[in-house]
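Shown next, in structure tokens, is the structure this report addresses.
The values are calculated or read from the model by the stated rules, or taken from the named source; none is laboratory data. Note that this is a predicted model, so its numbers are computed, not measured. Using ideal geometry, Cβ is built from the backbone for each residue, glycine included, and neighbour counts are taken over all protein chains shown.
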Amino acid sequence: MAYSTENGFPREATLNLKMEGERLSWAWSSDRGLALIENAKISGDEMRFDLVRKSNYDEIAVQFKGRIEGGTMKLTMQFGRRKSVEITARKAF
């Protein structure tokens, strides 16, 4: 998925979803590394999840919420008090 930060910097990331039986595992990967998804909740077409992005210098908590519409996810990504970022993700096969 591609998006722009509030400062206009382009970013790309991959959200990997994997279902094993009834267990759902998620991971977010980008040029800043890999982060495991926590507190994931899906209800109908609504979804929420959190992650903590870690680097050598800091840890940043990120919250996501949105909905699934066919093969597309429309998400809002929130970094602390910064302006939220809208993301549209498409399923990759």
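Could you count how many residues in the stretch 48-68 are within 15 Å of A27 (Cα to Cα), under 14 Å from the mean Cα position of the chain (by Cα) and surrounded by 13 or more Cβ atoms within 10 Å (Cβ to Cβ)?
The qualifying residues number 8.
A quick yes/no check of all residues on (1) of a type in the set (V, I, T); (2) touching a Ser or Thr at 6+ places or on another chain (Cβ under 8 Å); (3) surrounded by 13 or more Cβ atoms within 10 Å (Cβ to Cβ); (4) at pLDDT below 80:
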position: A2; (1), (2), (3), (4): no, no, no, yes
position: N7; (1), (2), (3), (4): no, no, no, yes
position: E12; (1), (2), (3), (4): no, yes, no, no
position: R23; (1), (2), (3), (4): no, no, no, yes
position: A27; (1), (2), (3), (4): no, no, yes, yes
position: A40; (1), (2), (3), (4): no, no, yes, no
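Conditions tested, residue by residue: (1) in a strand (DSSP E or B); (2) in contact (Cβ under 8 Å) with a residue 40 or more places away in the chain; (3) in contact with a strand residue (DSSP E or B) (Cβ under 6 Å, 6 or more places away or on another chain); (4) within 18 Å of T5 (Cα to Cα).
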residue	(1), (2), (3), (4)
R48	yes, no, yes, no
Y57	no, no, no, no
I60	yes, no, yes, yes
I68	yes, no, no, no
I87	yes, yes, yes, yes
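Can you name the number of the only condition in (1) surrounded by 15 or more Cβ atoms within 10 Å (Cβ to Cβ); (2) modelled with pLDDT of 80 or more that G71 fails?
It fails just one condition, (1).
Of the residues that sit in the stretch 70-85 and are in contact (Cβ under 8 Å) with a residue 40 or more places away in the chain and hydrophobic (A, V, I, L, M, F, W, C), which one is farthest from G33 (Cα to Cα)?
Only one residue tops the list, namely M73.
Considering (1) at pLDDT 75 or above; (2) surrounded by 12 or more Cβ atoms within 10 Å (Cβ to Cβ), say which one L17 fails and leave the rest.
Evaluating L17 over (1) at pLDDT 75 or above; (2) surrounded by 12 or more Cβ atoms within 10 Å (Cβ to Cβ) leaves (1) as the failure.
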